[in-house]
Structure formats: C-alpha cells, structure tokens
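Quick notes on the structure that follows.
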Amino acid sequence: MTMIQVPIQKPLDIPNLSKSELKELIQAQGELQQDLFRQAREVRQQAGVDEVLLRGVIEISNYCQKNCDYCAMRAANPKLNRYRMAAEEILEIADQIAQMDISILFLQAGQDPQSDSVVEEVIPEIKRRYNFPVLLCMGERPQNVYQRFAQLGADSYILKFEVSNPELHRDIIHTPLERRLQCLRWLQEAGFEVGTGNIVGLRGQTLDHLVEDIRLALEIQPNFVSSSPFIPNQDTPLENIGCGNLDYTLNTMAIYRIALKTPLIPTVSALEKIQPDGQLMGLNAGANVMTINFTPPEYREKYSIYSKKRFIVSLDHALNTIERAGLRLKVLS
Ligand code: SF4
C-alpha cells in the first residue's frame with residue numbers, strides 16, 4: 001500500500017516522515033520519483049543554490065591505514081602500487097586549476113599521516129597564491145591535526161560516515177562509527193564546513209539502514225552531503241557483489257536536498273560509471289556540484305577508490321552535463 005499520494009501536493013516534511021514513508025521515497029519510481037526530483041529541484045532553486053559549482057580534485061596519496069571492505073586502497077591490498085605526491089607537483093597542478101572556472105581546490109588522500117607535511121606545506125601556499133577555498137578529504141585523524149589544517153587555512157573537510165548502522169559500519173569499515181562521529185564533531189569545532197554522506201548497496205545493507213543513513217545526515221546538518229552507489233572493486237572483499245541501486249542513490253540525493261535545502265550535493269562520478277548520463281540524472285535529482293579530476297594520469301589508475309576503471313570527469317564533460325541539465329555554472333568572484 002502506498003502512503004505518499006502522487007502528485008505530491010505539498011512540500012515533503014522529511015524529518016517527520018515515518019520509516020515506511022522514507023522507505024517508499026527511497027524506492028520511488030515512475031511518477032512518485034519524478035515528483036520527488038521536481039520537488040528537489042524546486043527546493044534547490046528556492047534556496048538560491050541552483051548554480052553548479054566545480055571542484056578540482058588532486059588525489060595526492062593512495063596510501064591508507066584503513067581496510068574498508070569496498071576499497072582497493074585498503075592497507076591490506078598488496079597488489080596496489082602506492083604513490084604520494086610531492087608539494088611541488090601539487091602546486092603545479094593548482095596553478096593550472098587557478099586558470100579555470102573552478103571554485104574549490106580539493107585535496108584528497110587515503111588515511112595517510114605521512115602526507116600531512118605535504119598538505120601543511122601546500123595549504124598556506126595555495127591560500128597565498130590564489131585565495132581558493134581548500135577542501136580536504138583525508139580520513140579520521142586526531143583532533144590536533146584537524147586544528148592544524150584549519151589554522152593553516154583549509155576551509156572544509158569531507159568525512160563520509162558511509163554506513164550509519166554501528167554494527168554494519170564495524171563489519172565493513174572495521175572501526176567504530178562513534179570514532180567517525182567524534183571526528184565530525186572535532187571538524188565542526190575546528191571551524192570547518194563539513195561534508196558527509198553514505199554509500200548505497202553495501203553487503204548486508206537494508207532499506208532500514210538507508211533510512212538510518214538519511215536520519216544521521218539530517219542530525220549532522222552538513223554543509224556538503226553525498227550519496228554514492230557502491231561499485232565492486234577488484235582486489236577487495238566485496239569484489240563479487242553487484243553495484244548499488246542507481247534509483248535508491250538518486251532518490252536519497254533528492255531526499256537530502258529537500259530536507260537540508262542548502263548544502264552542496266555532488267553528482268558523483270560513480271553515477272556515470274553505473275550508467276551513461278548518471279551525473280545528469282544526479283543534477284536532475286537536486287545536486288549542484290561536479291568534481292573535475294586533475295590527478296596526473298600516471299597516478300589516476302592507482303587511486304582505485306571505487307574501481308580501477310573509474311569514470312574520470314573532465315571539464316568538457318562537466319560543462320556539457322550542466323548545459324544539458326539546463327543549469328548555469330557558478331563562478332566565485
Ligand atoms: S575508503 Fe578511504 S579510508 Fe577506506 S580504505 Fe579506501 S582510502 Fe582508506
């Protein structure tokens with residue numbers, strides 16, 4: 001029996017929906033799904049975040065201390081060739097990014113404390129040269145490390161909870177969920193804008209777990225939030241399970257947009273990997289960020305966070321996708 005009547009007459013009050021209603025939205029198809037997406041786009045427009053912002057990512061190290069079951073960069077994978085970029089290499093690429101309509105410089109790595117000194121060298125230099133907002137994604141770290149990154153001028157930090165159920169989180173990520181939540185609190189205390197989010201389609205994940213993910217994201221009140229479909233990755237314990245459900249992922253993105261209104265919501269490259277035009281679908285579901293990959297080609301294949309054959313987002317692809325979505329590019333002044 002359906003509980004949500006289509007067409008949806010009034011704005012969805014996501015925080016007050018029952019578990020069954022949220023499950024219905026996560027599984028929405030056909031008219032209900034189109035209504036959900038329409039409402040997400042309306043919220044994006046009314047919240048004044050309708051222009052698409054481009055981030056330029058440099059993946060600076062594929063070393064990682066952790067062992068997430070879905071990721072080939074896990075410490076226990078001996079088959080991966082590891083790299084760690086030098087400060088000069090990163091700054092050279094930052095120079096190129098600064099010439100383009102890219103609004104945020106994004107430095108991403110595995111959980112690799114040995115790359116801290118490089119990050120500490122490049123953050124002040126990037127701020128001095130370009131005054132770019134700098135976004136970091138470098139895993140669970142001690143509080144003093146977050147404080148140091150913030151003091152050096154980094155603006156925002158992504159730490160996805162990935163899976164919010166404590167047992168499932170421990171089963172797949174092998175560390176306590178509470179540790180990650182503590183890190184998110186430290187990041188907010190250090191003054192960062194924080195990003196978080198989930199993966200759809202992990203081993204043992206149910207619709208109840210996805211409802212928990214949505215509720216946790218609402219509790220955190222992040223500045224960025226994402227939902228990504230699981231993609232099986234070679235040389236990992238989850239290499240033989242299927243991809244995450246594309247519709248569940250898009251529906252979760254739309255739910256995040258309607259509930260949280262203003263965050264930056266990326267349409268991730270994994271959507272395009274699952275289906276051509278997947279990122280266009282993400283923009284139609286309420287997203288407003290695309291991430292262009294500037295990692296040098298010799299390192300890209302080694303940054304196998306979801307697959308050795310990732311979809312690499314180019315500037316041309318992003319601009320074309322934004323145009324086809326009928327949206328405009330956001331340029332920071
Ligand atoms: S997902 Fe991130 S933290 Fe987990 S193994 Fe991969 S790089 Fe490391």
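The values are calculated or read from the model by the stated rules, or taken from the named source; none is laboratory data. All values derive from a computational prediction rather than experimental measurement. All Cβ positions, glycine included, derive from the backbone under ideal geometry; neighbour counts span all protein chains shown. Surface accessibility is based on the protein's heavy atoms, side chains included, excluding ligands, DNA and RNA. Shrake-Rupley method; radii C 1.70, N 1.55, O 1.52, S 1.80 Å.
If you roll a 1.4 Å probe over the chain with all protein chains in place, what percent of the accessible area is carbon or sulfur?
About 47 percent, which is the carbon plus sulfur part of the accessible surface.
Mind jotting down the three principal axis lengths of segment 178-306 based on Cα atoms? Whole angstrom, largest first.
The Cα atoms of segment 178-306 stretch 36, 34, 30 Å along their principal axes.
Which of MET281, MET100, MET85 moves most in a GNM of the chain, Cα contacts under 10 Å?
MET100
Under a point-charge model restricted to the Cβ atoms of Lys and Arg (+1) and Asp and Glu (-1), what is the dipole moment magnitude of the chain relative to its Cα centre, in debye to the nearest 20?
The calculated dipole for the chain is roughly 120 debye.
Please go through the residue pairs LYS79/LYS309; LYS309/LYS330; LYS79/LYS273; LYS160/LYS261; LYS66/LYS302; LYS10/LYS261 and name each one whose alpha carbons sit more than 21 Å apart in this structure.
Flagged as over cut-off: LYS309/LYS330; LYS79/LYS273.
For TYR70, TYR157, give the ranking by accessible area with the largest first, probe 1.4 Å.
In descending accessible area the options line up as TYR70, TYR157.
For THR295, which sequence-distant residues (separation of 5 or more, or a different chain) have an amide H within less than 5 Å of its own amide H, given hydrogens modelled in the peptide plane?
GLU59
Using the alpha-carbon atoms, what tilt in degrees (0 to 90, nearest 10) does helix 30-46 show relative to the longest principal axis of the chain?
60
Once the convex hull of the C-alpha atoms of the chain is built, how many Å³ does it hold per residue, rounded to a whole number?
Enclosed volume per residue, from the Cα hull, is 126 Å³.
Between VAL289 and residues 5 or more places away or on another chain, which pairs have amide H atoms under 5 Å apart, with H built 1.01 Å from N, and which residues are they?
Sorted by chain and number, the residues that satisfy this are LEU53, ILE265, THR267.
Compute the accessible area per residue over the chain, keeping the other protein chains in place, probe 1.4 Å, unit Å².
Roughly 42 Å² per residue, with all protein chains present.
Can you work out the Karplus-derived ³J(HN,Hα) for every residue in segment 139-144? Use 6.51 cos²θ - 1.76 cosθ + 1.60 with θ = phi - 60°, whole Hz, and x for glycine or proline.
x, 7, 9, x, 4, 5
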